[in-house]
Amino acid sequence: MKKSIFLKRLLSVSLAAIVSLHLLTSCGNGEKNTQDETSGYTIDNIREYVVGVDEKVELEDGSKRAIINFDNAATTPALQPVSDEVEAQMKMYGSIGRGFSKKSDYSTDLYNNTRSKVLQFVGADEENYTCFYVNNTTDGLNKLASALITDEKDVVLCTRMEHHANDLSWRERCKVIYAEIDKQGRVDYKSLEKMLKKNKVKYVAVTAASNVTGYVTDAHRVAKLAHKYGAKIIVDGAQIVAHRKFSMIGETPEENIDFFVFSAHKMYSPYGGGAVVGLTSVLNKHMPEFYGGGIVTIVTDQEQNYKNAPASYEAGSPNYPGVVGLGKAIDILQEVGFDAISEHEQKLNRKLIDGILKMDNAVVYGDTEDISDRVGVVTFNLTDVNSYHLAAKLSDYGVATRRGAFCAHTYVWRLLGVPDEQAKEYVECGDAGVPGMIRVSFGIYNTEEEVDEFLSILDKAHGECLKEMEIMPYRPGL
């Protein structure tokens, strides 16, 4: 009797799986699945699909205008097709991997099929790599660190270019050493190899692209060095995924990337999605310090049996909207094309850098001549005004930038020439009293006309800051 019930249930599940595969091409109410639509997204028309790009806000003078959003490295706006896809797929939302219903089966299939899309997006094969979902890059790096670090004596090699997410997540768990940067602010590969030679490094953790200067790291070169000295490589991909094509597979096996982490909110899908792609064989040997439902096969009074990756890294209820949005964002970026994106960003970078350098007392950080290895990020200061107040003044005119040290303090201090001992003195200072830079970061929808308008506004804002100096005197070094 029990066997008969089991067989009937198994048959029901199998039929439901077949039905759900069919449903992946159509929504529950008979509408066409927006994932299958091709809208001809290009670098020339993508601005039409950006949510809120023309939304007017009230400025300090009471006027209203759409802002110039040059703060895309922090987070990008949503693309309307991404929002539409999430809304459409919510009609078939059900319990993922746990429920017995057509909607549950549909959601589970979409959720798991998107893993394959992520793997393809970063050039990873399903035979060797696994994709598990996270909330963002910081979440992913911390999950990796909690799983891979097994001894506080483990050694991780980072660079002085890293975002805090790819620094503090290791600092708090093991010994971290650092490769230095060169005079232009790029990774010093000789320093990196020197550190590998002198230390028994377990993991090398590097950024794919800097959120401060936009420099693209030669991750495959680093991978080759890491593997040469018996280490594995972990790449923070937060600042690369919306700008350049990235493949985890190098020209030779020695150049392959072991782990890659990124966020969807950096690529026009603000639903808390992200992913880690890593070697399945390594992930299956470890467990992150996150426990709960969905990661076990059996729990008894005395013990528990955990599943393999990716399930073992995804405790709790999955973020279905985040995964749906991530998948759609991948489709759109690939359709726009990374060659077109890179060419567009180079034009914006060149125009902005040249325009800023025409101003008196302007400093643009990083290499301003060879910008071929920079994504759409430019940081600068006008040395006769406080950068905090200048950024606030730009905001008054309707320009969104970022000002500060961008969660990459040790890198920024080096670029500013602030010694470590001096940096410690700013612990108790407010934001305006801490040295920093102004960052302009481009999205695929920004235009050359916006750069021209920004340069005009920058000149006005600079003049107003100079006039206000009598009220709030300039402090050198800020």
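The values are calculated or read from the model by the stated rules, or taken from the named source; none is laboratory data. Being a predicted model, the structure only gives us computed values, none of them experimental. Cβ sites come from the backbone with ideal geometry, for glycine too, and all protein chains shown count toward neighbours.
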Original post:
Residue check, Val261 against (1) farther than 21 Å from Thr213 by Cα; (2) buried (at least 18 other Cβ atoms within 10 Å of the Cβ); (3) of a type in the set (A, V, I, L, M, F, W, C), all met but one. Which one?
Top reply: (1)
Original post:
What are the pairs, 6+ residues apart or on separate chains, where a residue within segment 306-328 that is touching a residue at least 60 places away in the same chain (Cβ under 8 Å) has its Cβ under 9 Å from a residue that is of a type in the set (Asp, Glu)?
Top reply: Val324/Glu85; Gly325/Glu85; Gly327/Glu85; Lys328/Asp84; Lys328/Glu85
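Hey, can you tell me all the residues within segment 262-310 that are part of a helix (DSSP H, G or I) and modelled with pLDDT under 95?
Step one: of segment 262-310, the residues part of a helix (DSSP H, G or I) are 264-266, 280-283.
Listed by number, the list is empty, since nothing qualifies.
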Subject >> Residue, surrounded by the most Cβ atoms within 10 Å (Cβ to Cβ), within segment 220-253, restricted to residues that are over 24 Å from His164 (Cβ atoms) and of a type in the set (S, T, N, Q) >> reply: Ser247
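Scan segment 172-189 and give yes if some residue there is among the aliphatic types (A, V, I, L, M), out of contact with any helix residue (DSSP H, G or I) (no Cβ under 9 Å at 6 or more places or on another chain) and either over 18 Å from Asp154 (Cα atoms) or at pLDDT 95 or above (or both), otherwise no. Before the answer, list the steps.
As a first pass, look at segment 172-189 and keep what is among the aliphatic types (A, V, I, L, M): 176-177, 179, 181, 187.
Still in the running and out of contact with any helix residue (DSSP H, G or I) (no Cβ under 9 Å at 6 or more places or on another chain): none.
Looking for residues that are among the aliphatic types (A, V, I, L, M), out of contact with any helix residue (DSSP H, G or I) (no Cβ under 9 Å at 6 or more places or on another chain) and either over 18 Å from Asp154 (Cα atoms) or at pLDDT 95 or above (or both), one finds none in segment 172-189, hence no.
Would a scan of segment 127-135 turn up a residue that is part of a loop (DSSP other than H, G, I, E, B), more than 20 Å from the chain's Cα centre (by Cα), without any contact (Cβ under 8 Å) to a residue 24 or more places away in the chain and over 27 Å from Pro253 (Cβ atoms)? Write out each step before concluding.
Step one: of segment 127-135, the residues part of a loop (DSSP other than H, G, I, E, B) are 127-128, 134-135.
Restricting the remaining residues to those that are more than 20 Å from the chain's Cα centre (by Cα) gives 127-128.
Checking the rest, the ones that are also without any contact (Cβ under 8 Å) to a residue 24 or more places away in the chain come to 127.
Now restrict to residues that are over 27 Å from Pro253 (Cβ atoms): none.
The answer is no; no qualifying residue exists.
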Original post:
Would you pick out the residues in segment 178-187 that are assigned to a loop (DSSP other than H, G, I, E, B) and either surrounded by 17 or more Cβ atoms within 10 Å (Cβ to Cβ) or among the basic types (Lys, Arg) (or both)?
Top reply: Lys183, Gly185, Arg186
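Yes or no, residue by residue, for (1) in contact with a Phe, Trp or Tyr (Cβ under 8 Å, 6 or more places away or on another chain); (2) within 21 Å of Ala242 (Cβ to Cβ):
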{"site": "Leu59", "(1), (2)": "yes, no"}
{"site": "Leu79", "(1), (2)": "yes, yes"}
{"site": "Glu85", "(1), (2)": "no, yes"}
{"site": "Lys91", "(1), (2)": "no, no"}
{"site": "Tyr106", "(1), (2)": "no, no"}
Subject >> Single unsatisfied condition, Thr76 versus (1) in a loop (DSSP other than H, G, I, E, B); (2) on the phi < 0 side of the Ramachandran plot; (3) surrounded by fewer than 21 Cβ atoms within 10 Å (Cβ to Cβ) >> reply: (3)
Original post:
Pairs under 8 Å by beta carbon, first residue under 12 Å from Tyr313 (Cα atoms) and touching a residue at least 60 places away in the same chain (Cβ under 8 Å) in segment 136-163, partner of a type in the set (Phe, Trp, Tyr) and surrounded by fewer than 19 Cβ atoms within 10 Å (Cβ to Cβ), six or more apart or different chains?
Top reply: Lys143/Phe290; Ser146/Phe290
